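The values are calculated or read from the model by the stated rules, or taken from the named source; none is laboratory data. Only a predicted model underlies this, so the values are computations on that prediction, with no experimental measurement involved. Note: ideal-geometry Cβ built from the backbone for every residue, glycine included; neighbour counts use all protein chains shown.
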Amino acid sequence: MFRIRRIHGDVLPSNKEAVRQVQEMLRGSFPGAPAADSEHVGESLRNPFKKRFRTILFVAENASGKVLGFALVHHAPAIGFCYLDYLVTAQELRGGGYGGALYERVREVAKALNAKGIFFECLPDDPALCPDPNLLKRNAARLRFYERCGARPIVNTRYETPFHAGGTCYPHLVFDSLESDEPLRADFARKVARAILERKYGDRCPPGYVDKVAASFRDDPVQFRPLRYHKPSSLRVQVTPVPEEPIPLVVNDRHAIHHVHDRGYVEAPVRIPSILAALEPSGLFRRVEPREYPEKHIKAVHDPDFVNYLRRACALMPEKKSLYPYVFPLRNKMRPPQDLSVLAGYYCIDTFTPLNGNAFLAAKRAVDCALTAAEQVLAGRRVAYALVRPPGHHAERRSFGGFCYFNNAAIAANYLSQFARVAVLDVDYHHGNGTQDIFYERPDVLTVSIHGHPRFAYPYFTGFEDERGVGAGLGFNFNFPLPEQRDGEQYRRALARALHVIGEFDPDLLVVALGLDPARLDPTGSWSLVAKDFEANGRMIAALDVPILVVQEGGYRTRTVGVNCLSFFQGLVAEPVAQPVPRYRPASTSTQS
């Protein structure tokens with residue numbers, strides 16, 4: 001068994017190792033190729049502007065992370081084509097289907113990117129162009145492989161012209177139309193040929209070479225070599241979707257022990273099965289059991305005194321009893337109250353988030369789930385989902401509230417920040433005051449929140465536009481407070497601005513605090529988003545083109561929360577992948593809608 005996955009840069013340990021193996025395979029399979037082609041694989045993923053191509057790397061790997069093959073593709077969005085630079089399988093594994101699966105993945109992505117076709121080079125199978133019989137045999141096998149998908153060499157041009165007199169075995173330019181019946185026009189082919197030669201071989205082409213080759217594309221439409229290896233009836237030109245690897249789904253298996261029966265308490269256990277009822281039949285997800293993590297990960301984000309208090313207070317609560325904060329003493333660090341019932345108000349921001357015997361245990365398990373899902377992202381998954389309750393984004397460094405005890409998303413983001421540059425996007429209807437508080441003085445984690453304006457929405461005291469961070473964190477916190485009434489289109493205008501801010505920060509990883517309470521008729525919100533809006537939001541977020549950890553927050557209308565959640569993930573895993581975005585520079589950002 002093997003999987004095909006996209007490598008988003010070489011920062012994460014799993015990706016760094018995959019890139020190392022790709023470089024090793026490149027050097028072994030193409031000993032005559034320029035050393036820069038292998039040495040610069042990681043750099044081209046990090047810096048798509050260097051050669052004016054956007055690089056996409058797919059690897060086929062087994063369960064232990066051994067790379068069995070890879071495809072290195074360059075996308076030129078301004079012109080509208082994809083260039084397949086390398087498609088390689090391990091020599092001892094050829095014929096195992098890895099190359100075919102990789103090429104189909106490339107074709108699928110190229111079509112989703114609205115590319116007019118895939119271009120690539122294949123060494124010739126004609127003795128007049130390549131006199132080496134050993135090379136001829138391999139070249140013929142490659143061209144036979146691609147011809148089966150309808151890709152054929154372009155003829156009647158000077159593309160095979162050697163750089164220097166006496167050179168031999170220069171490649172054909174091959175074109176795959178991606179099952180389109182549109183003819184390949186000469187002016188487009190000239191642009192493509194010029195882009196490939198200038199961007200890939202610019203430092204090796206003699207003066208005038210590129211102009212001469214580009215000008216040789218005179219046939220309009222461009223002509224192709226007749227089929228040589230297959231009959232028309234045996235071609236497989238249709239683009240076949242390659243199944244996406246299921247999204248790792250980590251569910252808090254202990255969430256139901258936290259059940260507050262008091263009337264009006266909407267953060268109820270039924271939320272989780274309502275979501276699972278929509279997700280599990282979809283085939284998009286694969287359950288992953290949560291691991292246990294030490295408390296040090298919680299205390300790296302929350303004040304240890306606060307964590308210790310929650311553990312002690314919950315452990316001392318009688319069964320089926322809840323303690324609601326009712327006294328809110330001034331938070332004087334030197335003289336905190338001694339009585340546990342009074343101390344609840346010392347650590348809480350509201351009157352409706354109770355402590356009970358299982359609150360700490362359920363919240364700790366939610367953290368375990370978020371960290372387990374974070375590990376899935378570190379292992380190379382494109383998307384991972386921690387479906388948890390209680391939620392967490394209202395929990396500040398030393399306080400709880402808003403149904404939240406520990407900040408699951410912030411704890412995961414802090415953990416991931418050891419390995420990569422992290423941004424947090426909070427799309428809950430309510431401001432993520434806890435996440436803002438935790439990272440407010442830090443420049444290494446960008447926090448962005450879209451929410452109802454605190455003039456009318458909980459938590460009322462944070463989430464204003466001018467809260468931008470302090471000290472080293474100044475310019476790394478962004479709030480987009482929105483009016484009381486918003487539909488999907490209006491919301492997406494704010495989301496576009498938020499994603500622009502994140503794009504400028506240029507993260508390696510994104511943590512999404514997924515609130516589903518912007519939904520129409522949610523009992524805690526006033527907006528009117530429906531399933532198609534959540535799907536559109538997912539597509540927009542996916543366009544950042546980075547691995548994503550999703551951590552569940554709010555969403556309380558159980559009749560629709562499942563379908564809205566599924567729609568969001570359907571958008572999140574959809575192609576295409578967007579163009580790269582500029583690197584971060586602090587800038588003022590208006591939230592006017």
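Remarks
- Filtered by the rule that a residue be aromatic (Phe, Trp, Tyr) and under 40 Å from the mean Cα position of the chain (by Cα), the range 118-164 gives PHE119, PHE120, PHE145, TYR146, TYR159.
- ASN134 assigned to a loop (DSSP other than H, G, I, E, B) and out of contact with any strand residue (DSSP E or B) (no Cβ under 9 Å at 6 or more places or on another chain): no
- Matching residues in the range 344-399 - criterion: being buried (at least 24 other Cβ atoms within 10 Å of the Cβ) and under 20 Å from VAL573 (Cα atoms): ALA370, ALA373, ALA374, VAL377, VAL383, ALA384, TYR385, ALA386, LEU387
- Flag if SER234 is in contact with a Gly (Cβ under 8 Å, 6 or more places away or on another chain), surrounded by fewer than 18 Cβ atoms within 10 Å (Cβ to Cβ) and farther than 30 Å from ALA362 by Cβ: no
- Checking each residue in the range 45-76 for being within 18 Å of the chain's Cα centre (by Cα) and either more than 17 Å from PHE119 (Cβ to Cβ) or assigned to a helix (DSSP H, G or I) (or both) picks out LEU45, ARG46, ASN47, PRO48, LEU57, PHE58, VAL59.
- Matching residues in the range 179-216 - criterion: being modelled with pLDDT under 95 and either touching a Gly at 6+ places or on another chain (Cβ under 6 Å) or farther than 25 Å from HIS75 by Cβ (or both): PRO206, PRO207, GLY208
- Flag for ALA268 being surrounded by 13 or more Cβ atoms within 10 Å (Cβ to Cβ), on the phi < 0 side of the Ramachandran plot and touching a Ser or Thr at 6+ places or on another chain (Cβ under 9 Å): yes
- For the range 86-131, taking the residues that are out of contact with any Pro (no Cβ under 7 Å at 6 or more places or on another chain), assigned to a helix (DSSP H, G or I) and of a type in the set (Asp, Glu), the one that is surrounded by the fewest Cβ atoms within 10 Å (Cβ to Cβ) is identified as GLU92.
- Residue check for ASN139: in the same structural domain as HIS172 (by TED's automatic domain parsing), of a type in the set (S, T, N, Q), more than 23 Å from GLU244 (Cα to Cα) and surrounded by 18 or more Cβ atoms within 10 Å (Cβ to Cβ): yes
- Screening ALA151, ALA189 for residues that are assigned by TED's automatic domain parsing to the domain that holds VAL109, touching a strand residue (DSSP E or B) at 6+ places or on another chain (Cβ under 9 Å) and more than 25 Å from THR89 (Cβ to Cβ) leaves exactly one candidate, ALA189.
- Residue in the range 232-248 that is basic (Lys, Arg) and in a loop (DSSP other than H, G, I, E, B) present: yes
- Residue that is in a loop (DSSP other than H, G, I, E, B), aromatic (Phe, Trp, Tyr) and touching an Asp or Glu at 6+ places or on another chain (Cβ under 8 Å), where the choices are TYR170, TYR146, TYR159: TYR170
- GLN490 falls short on exactly one of the conditions (1) in a loop (DSSP other than H, G, I, E, B); (2) of a type in the set (S, T, N, Q); (3) in contact (Cβ under 8 Å) with a residue 40 or more places away in the chain, and that condition is (1).
- Residue selected from the range 41-64 under the condition of a type in the set (Gly, Ala, Ser) and touching a Gly at 6+ places or on another chain (Cβ under 8 Å), by the criterion modelled with the lowest pLDDT: GLY42
- Within the range 458-475, residues that are free of Cβ contacts under 8 Å to residues at least 40 places away in the same chain and β-branched (Val, Ile, Thr) have Cβ atoms under 8 Å from residues that are surrounded by fewer than 16 Cβ atoms within 10 Å (Cβ to Cβ) and not in a helix (DSSP H, G or I) in these pairs: VAL470/GLU441, counting only partners at least 6 apart in sequence or on another chain.
- In the range 411-453, residue farthest from ARG46 (Cα to Cα) [restricted to those that are hydroxyl-bearing (Ser, Thr, Tyr) and assigned to a strand (DSSP E or B)]: SER449
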